[in-house]
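Computed from the coordinates by the stated procedures, all read-outs in this text should not be read as laboratory data. If you're wondering where the values come from, they're calculated on a predicted model, not measured in any experiment. Cβ placement follows ideal geometry from the backbone for every residue including glycine, while neighbour counts extend to all protein chains displayed.
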Amino acid sequence: MSRSDSAKPVPLSARAPSGPLRGEIRAPGDKSISHRALMLGGLAVGETTIHGLLEGEDVLRTAAAMRAMGAEVSRDDAGTWRVHGRGIGGLAEPSDVLDMGNAGTGTRLLMGVVATHPFVSFFSGDASLRSRPMARVTKPLEQMGARFVGREGGRLPTVVIGTARPVPITYRLPVASAQVKSAIILAGLNTPGRTTVVEPEPTRDHTELMLRHFGVDVTVEPGPDGDRVSVAGQPEITGRVVRVPGDPSSAAFPIVAALLVPGSEVTIRDVGLNPRRTGIIDTLLEMGADIRVEGRRVEAGEPVGDLVVRASALRGIEVPAARAPSMIDEYLVLSVAASCASGRTVMRGLSELRVKESDRLAAIARGLAACGVRAEVDGDDLAVHGCGGPPPGGATIATKLDHRIAMSFLVMGMAARAPVAIDDASPIETSFPGFRGLMAGLGASFQEP
């Protein structure tokens, strides 16, 4: 579990291992798909069976929220989750505050779900989640008839007053955001007519793929101003079997570690290979990474495969802004890879990083500088000057309750000349349960001060 606002932090440091990283692992289940499987299971009639659900705190908060609204959610001893849903429009008013912890995706998507249910719900979370803006989600949902009362910028705690008479809308996203798109589409499920989102550039399509898996009529049509994603409201959906692939965002950490630790070879099984999520793999390949995909297949509409990763000498490249939606969560660990590359790596169009669990763009620059790596932020662009090998390291990084900052700089410690410490490892459990043990099993060396 991630640490509460008042709990004691758990410092941890990583150093270069005594030998190469070797072994075979499975990344935790995809967090984005896990959230959606629970929500759609709760909106379906009958039983949904979920294999490989990510059991990190973020997803467990979504499971608890669905229970609070009347869905039956349980886990058996074999790790299989079962959801008995209430049907579209059938959720019940929660009797208490929905405490979402650090789950930004879960919060924004659930706001869409409850916006078109005729009841009142209260959302809150930890200090990090309460600092994140929600207005870009609440604005289109208000157009559909819901009302929101929260702090400035729509920040939590927030009261959601769902509408009994939802109105379908056509909404053009001002910036690319799969979370905003998904919130609107999920609200459209309990809205008569067709609800449409126009996205200026493609974003993650897990919601569309899973809705189709559940039998929902979802269309995607190209247009002059971008793709038009539409859903037909008030469908009758029944439970399904969902197999959650390994999360490519989580797989990025052992991938980069294996690339940077000399002599390493690591196999990562069952990784989701949705082309709107594989920007990190595409980028690392351009940098010279030795990554091979084996056993390609499709599960619940999502492409899946096994990755074989070998240590590689990387080179600096320019990463275009258009790639950002497919790897927005991976820029932190990509920056660690860039710090070990030869030459300069420029990453463009990173404005979305400023509104994540923390201001990740500023965090990258601070953390790299503390580890002796030259980095510059110019507007929404980041330039990292690679060391052509192991960076100096030797710093202690403030994680600011951000799990990806924590894991990225532990990977830095595995590649650096001197150990790198983080002030708090507990947030890692929100997205990557067992990260420390899994990496140690490959040969990583961690120490508690």
Give me the distance in nm between label points sitting 7 Å out from Cα along the Cα-to-Cβ direction at Arg26 and Glu265, one decimal. 2.3 nm
So if we plug the beta-carbon distance of Ala321 and Glu221 into 1/(1 + (r/R0)^6) with R0 = 25 Å, what FRET efficiency do we get, rounded to 0.05? 0.55
Run the quick spin-label model on Ala135 and Ser18: label points 7 Å from Cα toward the beta carbon, then report their separation in nm to one decimal. 5.6 nm
Expressed in µm² per second, the diffusion coefficient of segment 285-346 from the Stokes-Einstein equation, with Rh the Kirkwood radius over alpha carbon pairs, at 37 °C and 0.692 mPa s, is 246 µm²/s
Hey, with R₀ at 30 Å, roughly what FRET efficiency would Gln143 and Glu72 work out to, going by the Cβ-Cβ distance, to 0.05? 0.35
Give me Rg/Rg_expected for segment 219-338, where Rg uses Cα atoms only and Rg_expected = 2.2 N^0.38 Å with N residues. 1.25
Extension gain, Glu201 back to Arg172 (0.36 nm per residue minus Cα-Cα distance, nm): 9.4 nm
On the formula 1/(1 + (r/R0)^6), with r taken between the Cβ atoms of Gln234 and Ala362 and R0 of 56 Å, the FRET efficiency rounded to 0.05 is 0.80
Under a point-charge model restricted to the Cβ atoms of Lys and Arg (+1) and Asp and Glu (-1), what is the dipole moment magnitude of the chain relative to its Cα centre, in debye to the nearest 20? 320 debye
Given a cut-off of 32 Å, what percent of all Cα-Cα pairs of segment 31-242 lie beyond it? 9 percent
Want the number for Val308 to Ser342: 0.36 nm per residue separation, take away the alpha-carbon distance, what's left? 10.0 nm
Net lengthening on full extension, Asp290/Glu152 (0.36 nm per residue, minus Cα-Cα): 45.0 nm
Centroid-to-centroid separation of segment 391-440 and segment 208-251 [C-alpha atoms, Å]: 34 Å
Return a single number: how many Lys pairs in the chain, at a sequence separation of 8 or more or on separate chains, have alpha-carbon atoms below 21 angstrom apart. 8
Go from 0 up to the bin containing the longest alpha carbon distance in the chain, width 10 Å each, and give me the % of pairs per bin. 5, 22, 32, 26, 13, 3, 0
